[in-house]
Structures are given as structure tokens and as C-alpha cells.
Amino acid sequence: MEQVLLQPIDRLYSSVARNPHATAIAGIAAGDVTRGVTYAELGRAVAALAAAFQDLDGAPGSRVGICLPNTLEHLLALLATYAAGKVWVPLSPRNARAELDAMIAATRPTIIVDDASTVRRLMAEWDGKEPVRIERSAEDAQIIKFSGGSTGAPKPVVQSLRCVNAQADGIRDFFEFRGDDVNLIAAPLTHGASCFVLPILEVGGRHVLLETAKPRAVFDAIAARGVTTLYAPPTLLYALIEHADVTRADLHTLRHVIYSAAPMPPQRIRDCQRALGPVIETAYGQVEAPQIIAAMRARELLIEENLTSVGRPSSVATVGIMGPEGKMLPPGEVGEIVVSGPLLMSGYLDRAEETARTIVDGWLHTGDLGTIDGRGYLFIRGRLREVINSGGFKVFPGDVEASLARHPAVAECAVFGMDDPKWGEAVNAAVVVRPGAGVSGEELISWVKGELGSVKAPKRVWFVERLERNAAGKVSRAAVKWSVAPDRIPPTM
């Protein structure tokens, strides 16, 4: 007898069947919904909207673009897309119109959801109706999400049912989510926060939606809803720990504060642990292998030698370090991080040649440089294309950034190469100084020389108020480099 494939939406359906009266949506922390939504009510609403989507376009596997903030309607539309056997295309309302137009042109959705009132109207009109169940294969597309890499234009990434199921399994198991977990969706659903929707629903937990992730609203939601789990990019965590209310906030229910999208300097990790509790966890992934290539639990992140690591490989990803000739390198050596396993994307939409260059013999070439230590922990050293060739020596930006981040005056930094008549490329650093701290460029250069030697030390330090980031909140070295170009801003030394 042929086994029926688990569809991602079945993770919700299983909890609807097991605990129909349990709360699935604990509330909307900002908005007009004040009461909770049970699993039975959530299942009924998702079914109605999915039936409406099928009526609008009866073709299985067609695409639904959703361009909404973190509202209940956004979450319902996302789940209804899965239930209707369609493909979700996340469209961030924060993006410029030109970017959205380009994404829509690339993915060609037949339905675009950009109005919450329309969602409510469709649910009312189709209330009590059920969608036709669409059995789709493991390699059929479930999500088309745009990469948010630090270099190059975003690319449409096809995540299959296999990939989405693997991601949900990996997150659920690694972080050991439970039925009493309450997940605060504060970061955008169009990005990493969406990865936690299905794992929490599958175990019978609750979601709380926050439309605007302001620190005071986050603190209020944690206290009022008993939040146990929060996914946040570093930028949001920085805003939380620097807010005046953090010392008065009731955070005792927190068990998981998971960050990804960008690395955090060790000192900043310690700042977060002091302010929010010993609950800081991390995950490493790419849109091409979402969220859970590797991860680290809070107890591991309390250990000093783990502060610059992104953790251990998850159960759904095999991780290796590959040299330039295509051979796997032993522990301790630096090379390109490559990944295989069920977590991998299917490829880039309509870009077969680029897909073939990225996935070779079953290995996804991440473009990240890294190393795995003897304990099996993964450390990122920078981007392959961002390695600096200074006087014939290879300098990994991540090594220099880690050194600078250990200086007590440095809040954040980004390291990049700039053309130089003597060195070919000279190591440069852009630095954000901690409030109230004072330091000179010469001091920071001497600091790195003392730790890493003169070859890796910056030849120039630029002091900036902030580091340029991409839409996913990740520091873009290319954008930082452009922002401090010599013809734009004079260096501060």
C-alpha cells in the first residue's frame, strides 16, 4: 500500500483533531482581536479561506502572494495557501514597490493577498466549506522565497514540500517545543518568523501576533501572554536590551530567544543573556536550506568557546567543509560550508544553470566560509566572495570582525577589502561604537594586531552610526563598503 505523503498543513490538522478546544492563537498583541482562537476555530477559518482560494484558481500548485503585516489575516492566508494545495510567495510590505513588482514578475502568482478586509470577507462567505484535498509529491513546490544574501540581487528560491517538512521537523526536535509553548511572532512572517509557525502548531502550542515589534509592545506581550518563545534577528534583540524598560520587564516565562539572519558579537550575546536571561539560542540557515542547517541551545551558548559558533548540525542537514578542489577538509581547516540532506531547496525558479552551480553532486554550496572544530561545532568565517587578498595573504572578514567585537568599545563592526595600490586589497573596518565609549582607529588597529597580527589588522577604520543591512536584517558588507567609499565620507582615524 502506497504511503500518503505528509502535507505541511497536516501538522495543523493533527492538533485540530487532538485538541480542538485548546488555544491556537493566544491573541493579537496589537489590533482588534482580544480573545483567543481555538484549534477548531483556526481549522474552520483556514478551511473556509482555502476553499475560497480554490474557487478563485482551481489549479493545484498555483501561487499565492501574501503582502501583509503580522496580522491574524496574514497567518490565516499562509495556512490556507498550504491547505489549498498552493504555493506561498511571501511579499514583504516593507519592500519598495519596484522590488515587489520584480518579485511578482518573477514568481507570477495568480492570487495576491494584500488586504485584510478581503480575507475576512472571503472567510465569511465560505464559512463551513472545506477545500478539496490536494495530494502533492515531496518535490512539488510549497514556498518560493527570495534569498536575502549579502551580495548580488535576491533570487527566487523554490522550497519543496520535502524541504518545508524537513525544516519543521528539525526546528521542532532541536528546540524540543512543547504543547505549553507560547510563541511571539514579532519579526516579520515574510522572513524567518514563518519557520516557527508549523512546529509550534504541530505540538499544540500557541502563537501571539505582534504587528509592530516595538520594545515596549514586545515586553507587554511577553508578560501578558506568558510567552516562552521568541524568534528575533539581532537588530530586534539590540533594540530590546537597549530599551529603558528592559530592567522592569517581566520575562520569567521565556525559555527560547532564538536569533538568526546575522551573527552577533560575543559581547552582544553576553549583553542579551544578562538582559533577557540565560535563554539565548541561535540557528544558522539560508533560504536555500532554511533556518536549521545548524543550531545551538541556550545551555551551550553559555560556554565561552561556543560564543562565535552557530552550533551543531541539525538532524535534517549533513554539513561539510570543502576545499577549492572539491575535497572535504578535516576539522579545524577553513573552507566553504556545504550542506546535503532533505533541507535543501529544489533550486532557483527558472534558473537551471545557477541551480546547477549551487547544488553540485547533492551538496549545496552555501558561499559561506567556515570551519568545524573537533567537537563538531560549526564556525562561520565570512563569505567566499568576500575573502580579502591582502599582499598575497587571505584574510577572512569573520576573523577580523570577531577580534574587533572583543574590544569593549565596539558595539558592531563589518570588515571588507578595498582596492589598494600597495596591498592589492587592504583590510578595512566599519565600526559602531558603544554608547558612551571612546576609542580611536589606531587603538582598534593595534588591538587586532595584538590578536591576529599585522596582516589581518585593518589598514583603515571607519566610524559609522549604523551598519547597512539587507531586508532580512543581515549586515551587508557590500553595502557598508559602498556607504563609506572615500568619495562619499572621509575616514575617521
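The values are calculated or read from the model by the stated rules, or taken from the named source; none is laboratory data. The model shown is predicted, which means the values in this text are computed figures rather than measured ones. A quick note on method: Cβ atoms are made from the backbone with ideal geometry, for glycine too, and the neighbour counts reach across all protein chains shown.
For segment 417-441, enumerate the residues that are in contact with a strand residue (DSSP E or B) (Cβ under 8 Å, 6 or more places away or on another chain) and either at positive phi or of a type in the set (D, E, K, R) (or both). Those that are in contact with a strand residue (DSSP E or B) (Cβ under 8 Å, 6 or more places away or on another chain) and either at positive phi or of a type in the set (D, E, K, R) (or both): 419, 420, 424, 425, 434. Count of segment 154-177 residues, restricted to those that are under 19 Å from residue 279 (Cα atoms) and either outside any helix (DSSP H, G or I) or among the acidic types (Asp, Glu) (or both), is 4.
Among the residues making up segment 348-363, those that are in contact with a Pro (Cβ under 9 Å, 6 or more places away or on another chain) and either surrounded by fewer than 19 Cβ atoms within 10 Å (Cβ to Cβ) or part of a loop (DSSP other than H, G, I, E, B) (or both) are 349, 350, 351. Restricting the search to helices (runs of 4 or more DSSP H) fully inside segment 222-310 and requiring at least 1 residues that are crowded, with 20+ Cβ neighbours inside 10 Å and touching a Lys or Arg at 6+ places or on another chain (Cβ under 9 Å) gives 234-241.
Number of residues in segment 434-462 that are closer than 20 Å to residue 478 by Cα and either among the hydroxyl-bearing types (Ser, Thr, Tyr) or not in a loop (DSSP other than H, G, I, E, B) (or both): the value is 3. For segment 68-114, residues that are surrounded by fewer than 16 Cβ atoms within 10 Å (Cβ to Cβ) and modelled with pLDDT of 95 or more total 5. Filtering segment 140-163 for residues that are of a type in the set (S, T, N, Q), in contact with a helix residue (DSSP H, G or I) (Cβ under 8 Å, 6 or more places away or on another chain), closer than 25 Å to residue 39 by Cα and assigned by TED's automatic domain parsing to the domain that holds residue 54 leaves a non-empty set.
Only one entry of 376, 382, 362 meets the criterion of being touching a Lys or Arg at 6+ places or on another chain (Cβ under 6 Å) and outside the structural domain of residue 395 (by TED's automatic domain parsing), and that entry is 376. Checking the stated criteria, residue 135 turns out to be closer than 22 Å to residue 344 by Cα, of a type outside the set (Val, Ile, Thr), surrounded by fewer than 19 Cβ atoms within 10 Å (Cβ to Cβ) and in the same structural domain as residue 192 (by TED's automatic domain parsing). Where residues in segment 321-347 are in contact with a Ser or Thr (Cβ under 8 Å, 6 or more places away or on another chain) and among the small types (Gly, Ala, Ser), which of them is surrounded by the fewest Cβ atoms within 10 Å (Cβ to Cβ)? The selected residue is 332. Of all residues in segment 425-445, those that are closer than 21 Å to residue 381 by Cα and not charged (D, E, K, R) total 9. For segment 364-388, what are the residues that are at negative phi, buried (at least 19 other Cβ atoms within 10 Å of the Cβ) and touching a Leu at 6+ places or on another chain (Cβ under 9 Å)? Once the filter is applied, which keeps residues that are at negative phi, buried (at least 19 other Cβ atoms within 10 Å of the Cβ) and touching a Leu at 6+ places or on another chain (Cβ under 9 Å), segment 364-388 yields 364, 366, 368, 369, 370, 371, 372, 380, 381, 383, 386.
A count restricted to segment 330-366 and to residues that are of a type outside the set (Val, Ile, Thr), free of Cβ contacts under 8 Å to residues at least 40 places away in the same chain and closer than 28 Å to residue 395 by Cα stands at 5.
Against the numbered list (1) assigned to a loop (DSSP other than H, G, I, E, B); (2) modelled with pLDDT under 95, residue 385 comes up short only at (1). The residues of segment 117-151 that are under 25 Å from the mean Cα position of the chain (by Cα), under 19 Å from residue 57 (Cα atoms) and of a type outside the set (Asp, Glu), listed by number, are 141, 142, 143, 144. Is there a residue in segment 477-493 that is in contact with a Lys or Arg (Cβ under 8 Å, 6 or more places away or on another chain), hydroxyl-bearing (Ser, Thr, Tyr) and either closer than 25 Å to residue 233 by Cα or buried (at least 19 other Cβ atoms within 10 Å of the Cβ) (or both)? Checked segment 477-493: no residue is in contact with a Lys or Arg (Cβ under 8 Å, 6 or more places away or on another chain), hydroxyl-bearing (Ser, Thr, Tyr) and either closer than 25 Å to residue 233 by Cα or buried (at least 19 other Cβ atoms within 10 Å of the Cβ) (or both).
Output yes when any residue across segment 335-347 is part of a loop (DSSP other than H, G, I, E, B) and over 25 Å from residue 146 (Cα atoms), and no when none is. Checked segment 335-347: no residue is part of a loop (DSSP other than H, G, I, E, B) and over 25 Å from residue 146 (Cα atoms). Looking across segment 422-455, the residues that are within 20 Å of residue 393 (Cα to Cα), touching a residue at least 40 places away in the same chain (Cβ under 8 Å) and in contact with a Ser or Thr (Cβ under 8 Å, 6 or more places away or on another chain) come down to 447, 448, 451, 452, 455. In segment 203-214, the residues that are assigned by TED's automatic domain parsing to the domain that holds residue 78 and hydroxyl-bearing (Ser, Thr, Tyr) reach residues that are modelled with pLDDT of 90 or more and in a loop (DSSP other than H, G, I, E, B) with C-beta atoms within less than 9 angstrom, at least six apart or across chains, in these pairs: 212/69; 212/70; 212/186.
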